[in-house]
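Please read the structure below before turning to the comments.
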Amino acid sequence: MAGVAVTDLPGEYAKPGKVRRIGFVEDHQAMAVGLAAILSQQPDLTVVALAPTVPELLSQTTEMDLAILDLRLPDGSSPRANVELLRRHGIDCLVYTTGTTGDWRDLVRSAARAGVLGVALKNEPIDLTIAMIRAAASGRQVATMAWAAAIDTDPALPRIDLPPRQRQVLELYANGETAGAVARKLGLSDHTVNDYLARIRRRYAEAGRPVRSRIDLYREAAKDGFVKGDRPSSE
């Protein structure tokens with residue numbers, strides 16, 4: 001299944017900023033070297049380590065903003081174990097893999113349960129791949145149709161809990177209110193509401209349940225019992 005188009009990614013995803021350090025875990029050397037060469041042409045991205053397994057990557061350096069991780073590695077390690085190991089070192093992860101066949105969904109779900117930021121497919125246009133890497137290296141969750149298709153029906157993905165104020169914000173916003181309207185109804189500042197929404201989206205991303213749109217947010221919040229009323233018809 002195809003992922004989102006480059007133009008579907010929020011604008012800030014594609015804007016260069018500070019230089020982000022990238023590690024690449026891939027056992028096909030040509031693929032690893034090729035992508036590293038492409039990323040080296042970006043002014044805000046630099047590849048600092050390449051390795052066929054996560055332990056070998058970490059033996060080179062732990063100073064990374066993002067690890068790009070293939071699902072199937074020669075040491076037989078599970079995606080979940082690899083993501084958890086990297087996150088223990090404070091390193092976010094983006095899955096970079098081929099196709100959607102075989103046990104692909106199970107492997108993506110394994111990574112999602114550990115809090116991976118998204119899934120990029122190797123057959124996607126390189127501009128999209130770079131935009132996704134840039135977003136993930138900045139700590140942003142990158143939701144795509146491919147990822148959603150793999151995890152949407154996974155009963156093992158965890159439910160989340162939210163503080164009461166964030167629940168109020170989520171219910172109003174997911175049911176169609178603008179952030180400004182939510183702020184006025186709850187007596188909060190626009191900044192506070194937007195901060196709460198960013199935290200909520202991050203919580204869902206960390207739970208492996210990405211929300212790109214208000215419809216996505218409503219769907220996931222309904223699963224957790226946070227919203228009631230009619231589903232919003234648009235973003």
Could the peptides 82-88, 62-68 be put in order, highest first, of the mean number of other beta-carbon atoms found within 10 Å of their residues? 62-68, 82-88
In square nanometres, what is the average projected area of the Cα convex hull of the stretch 164-223? 3.6 nm²
Suppose R0 equals 30 Å; then what is the FRET efficiency for E84 and V33 from their Cβ-Cβ distance, rounded to the nearest 0.05? 0.65
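Bear in mind these aren't lab numbers, they're just calculated from the coordinates by the rules spelled out. Small disclaimer: the values here were computed from a predicted structure and weren't measured. FYI the Cβ positions are ideal-geometry reconstructions off the backbone, even for glycines, and counts take in every protein chain you see.
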